[in-house]
Amino acid sequence: MFKNPFSFKGRIRRTEYGLSFIFFYLSFAVVGLISNFSEYMQVLKLLPFAFIIAAYWFFIAQGVKRCHDQGYSGWYVIVPFFIFWMLFADSQYGENWYGPNPKGFGNQEENDLIKTDTTI
């Protein structure tokens, strides 16, 4: 879980996307706390800005990978309320254009194992 979280390639499961969703919104709470202290410390003024950029990059990359898991283009991330579809819809069975199923269901390796087990 969370292999290459800032990459836009591959597929992720609902669990990883849900945890990413929670982490993204909790990070804004942390940024809010830091920005309250930045009034007193000049060094912390740019830290929330950098943190927000990294958090958005992380969340968009995870969203693109979740779209890939369902067989959609990564551009669906910009569709309003599609986040909720990504949270609750199941993944596409087997391998697709974006890679093997992260659950392992229907992947070529699994099919090869089934074929070899039936011949024994």
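Data for the structure
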{"quantity": "Considering residues of the stretch 45-79 that are at pLDDT 90 or above, not polar (S, T, N, Q) and not in a helix (DSSP H, G or I) only, the residue nearest to the chain's Cα centre (by Cα)", "calculated": "Y72"}
{"quantity": "Residue that is within 12 Å of S20 (Cα to Cα) and not acidic (D, E), where the choices are I53, I83, I78", "calculated": "I83"}
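The values are calculated or read from the model by the stated rules, or taken from the named source; none is laboratory data. All values derive from a computational prediction rather than experimental measurement.
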